[in-house]
Amino acid sequence: METVKEIAIYLRKSRDESDGKEDVLAKHESLLLEYAKKRDLKFKVYKEIGSSEFIDSRPQMIQLLKDVEQDLYDAVLVVDLDRLSRGDFEEMGRIKRIFRTSNTLVLTPNKAYDFNNEDESVMTDIEMVFANHEYRMIKKRMMRGKKQGAKAGKWTNGTPPYPYIYNRITKELEVDEEKSKVYNLMKSLFLDKMMPPHEIAWELNKLGFKTNRNADWHENSVRRILISEIHLGLITYGKTTGNGHKSKPKSEWIFSEGTHEKLKTDEEHQKILNILEARKIMPKGSRTNVQVLSKILFCGKCKSTLAFTVSPTGRVFVKPCGRADRLGNRCKNRGVSAEVIFAQLMFDLKVFQSQLLSKEPKKQSTDNSSLNLALSLKHEELERLENGNDRIRDLYIEGLLDKNEMKLKSEKLLIQIQAKREEIRLINQSLADVENTKTNEERVVLINEFKKAWDTKGISNKELNKLAKEIIDRIEMSRDGNYIKINIKFL
């Protein structure tokens with residue numbers, strides 16, 4: 001102990017210490033600071049708020065282990081050994097390996113642990129196994145308590161649906177009176193004015209109303225609230241299972257009469273379901289409306305995919321865009337006859353083909369080993385990030401994170417996941433470019449095949465669409481009055 005001069009202090013609130021009776025984390029911090037100051041030790045504090053047994057879900061623990069690997073400390077001070085890990089053997093082995101390699105001690109107010117001491121290591125393993133068992137029992141009791149609470153009509157599922165709020169003192173759902181007015185407006189717009197969910201979302205956004213998570217309204221968020229059985233005065237539990245939150249059959253859900261206020265009648269609920277079910281029915285023709293430029297033609301103003309319609313005479317038209325933003329403001333891009341697009345396409349194809357014939361063929365490198373290696377690594381990184389998302393959800397369900405903490409962690413992780421997916425997309429695109437790069441001669445052949453098919457009677461739009469995708473990357477069309485602008489990008 002005489003060799004210990006610089007230490008790290010690691011603080012972590014345990015699952016079973018969140019009863020609100022006292023600030024356990026502050027109590028532990030005071031105890032460990034007193035220990036360090038009394039012995040004149042230099043220290044740095046790592047404080048974990050709301051964590052799990054998984055190291056990758058504990059940012060302060062990850063940083064601590066990195067610093068321990070760098071030999072920054074002689075020891076790490078904790079209240080008890082189980083503050084480091086209550087995880088499985090793999091998690092415990094990971095911690096021991098890092099402390100053993102760096103020759104770093106673990107200190108508690110009552111004991112010192114040296115993972116390089118084989119005699120002590122056996123007892124340390126036993127202590128950590130008991131800590132893991134205790135954690136599992138706590139988790140089991142907590143989930144059993146939630147299930148029993150649901151059967152008794154109590155809310156146990158995290159953030160309640162709009163316009164309810166959870167009272168942590170009474171542990172009951174209460175109705176937010178101001179939000180209740182918005183909910184009633186939502187019902188009225190749907191049932192009385194027959195307004196679809198996406199238009200209701202626009203209306204609520206225009207009026208400045210936010211969801212329980214202080215976000216804009218969208219079609220799905222409105223739909224979920226309209227069909228929620230919580231507003232019938234019911235409590236549901238056990239809709240999903242496992243870390244992946246896979247849906248369970250409705251027959252396995254727990255339904256009980258809730259202790260909260262009922263906000264809609266059974267008749268209103270059934271009417272909502274009937275209206276939504278009726279709107280699911282699509283005209284048969286709309287399901288198979290494949291056109292020559294389907295999924296190739298885009299709006300030049302808002303960049304969304306443009307759709308087609310066929311008149312009774314058989315003429316094909318590009319529909320006006322009409323895509324709406326969060327407030328319901330629609331894109332003003334007008335429609336046009338598909339013949340205008342076709343005429344421009346055939347003209348540009350002729351020019352493009354002439355350019356290809358006049359250019360010297362270029363040799364392309366086919367070595368894509370480095371790209372494949374980078375892609376593999378990026379997929380591994382993405383998998384770790386997505387597993388972290390599951391763990392955040394688990395922490396929230398288990399009560400270790402409140403809604404604000406979960407939102408912040410989820411948003412941060414989502415940004416990382418989206419960035420990683422974009423990196424993967426770009427690498428895949430580069431691989432496709434390398435593997436599918438065609439010579440000028442090959443491009444000319446494909447253009448000729450498309451032209452030949454175009455002049456062939458009886459060929460299907462689906463076959464023409466397939467051939468078009470071999471030579472066209474995208475077409476963007478915008479129209480202002482009679483001025484039509486068409487940009488065509490070839491592969």
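Sorted largest first by accessible area at a 1.4 angstrom probe radius, with every protein chain in place, the residues I227, I169 fall in the order I169, I227. For the listed peptides 265-275, 326-336, a ranking on the average number of other beta carbons within 10 Å per residue, highest first, reads 326-336, 265-275. Phi angles across region 294-300 convert, under the Karplus curve 6.51 cos²θ - 1.76 cosθ + 1.60 with θ = phi - 60°, into 3J(HN,Hα) values of 4, 6, 10, 8, 10, 6, x Hz, Gly and Pro given as x. Would you please classify the overall shape of region 173-217 from the alpha carbon gyration tensor, given that a ≥ b ≥ c denote the square roots of the eigenvalues, rounded means a/c under 1.5, and beyond that prolate means a/b larger than b/c while oblate covers the rest? Oblate, since a/c reaches 1.5 and b/c is not below a/b. Ignoring everything but the protein chains, give the 1.4 Å probe accessible area of T170 in square angstrom, nearest 10. About 70 Å², rounded to the nearest 10.
Computed 3J(HN,Hα) for region 35-48, one whole-Hz value per residue from the Karplus formula 6.51 cos²θ - 1.76 cosθ + 1.60 where θ = phi - 60°, is 4, 5, 5, 5, 9, 6, 9, 7, 8, 10, 9, 10, 10, 9, glycine and proline marked x. When the listed pairs K47/K420; K359/K451; K187/K407; K179/K332 are checked against a 24 Å cut-off, the alpha-carbon distance exceeds it for K47/K420; K187/K407; K179/K332. Which pairs break 22 Å Cα to Cα here: K210/K303; K295/K466; K303/K350? In this structure, K210/K303; K303/K350 exceed 22 Å between Cα atoms. Once backbone amide H atoms are built at 1.01 Å from N, A307 has K319 as its partners under 5 Å, excluding neighbours fewer than 5 places away on the same chain. Scalar couplings 3J(HN,Hα) for region 317-324, obtained by applying the Karplus form with A = 6.51, B = -1.76, C = 1.60 to θ = phi - 60°, are 10, 7, 5, x, 5, x, 5, 9 Hz; x denotes Gly and Pro. The H on the amide N of R323, modeled in the peptide plane, is under 5 Å from the matching H of C331, each at least 5 residues off or on a different chain. Annotation: amide H-H contacts under 5 Å for Y46 (H modelled 1.01 Å from N, sequence separation of 5 or more, or interchain): I9, Y10, L11. Loop-located trypsin sites (Lys or Arg not before Pro) in region 160-206 (DSSP state other than H, G, I, E, B) with a sparse environment of at most 13 neighbouring Cβ atoms within 10 Å: R168, K171, K193.
The values are calculated or read from the model by the stated rules, or taken from the named source; none is laboratory data. Only a predicted model underlies this, so the values are computations on that prediction, with no experimental measurement involved. All Cβ positions, even for glycine, are placed from backbone atoms using ideal geometry, and neighbour counts span all protein chains on display. For the accessible areas, the whole protein counts, side chains as well, though only heavy atoms, and no ligand, DNA or RNA atoms are used. Shrake-Rupley method; radii C 1.70, N 1.55, O 1.52, S 1.80 Å.
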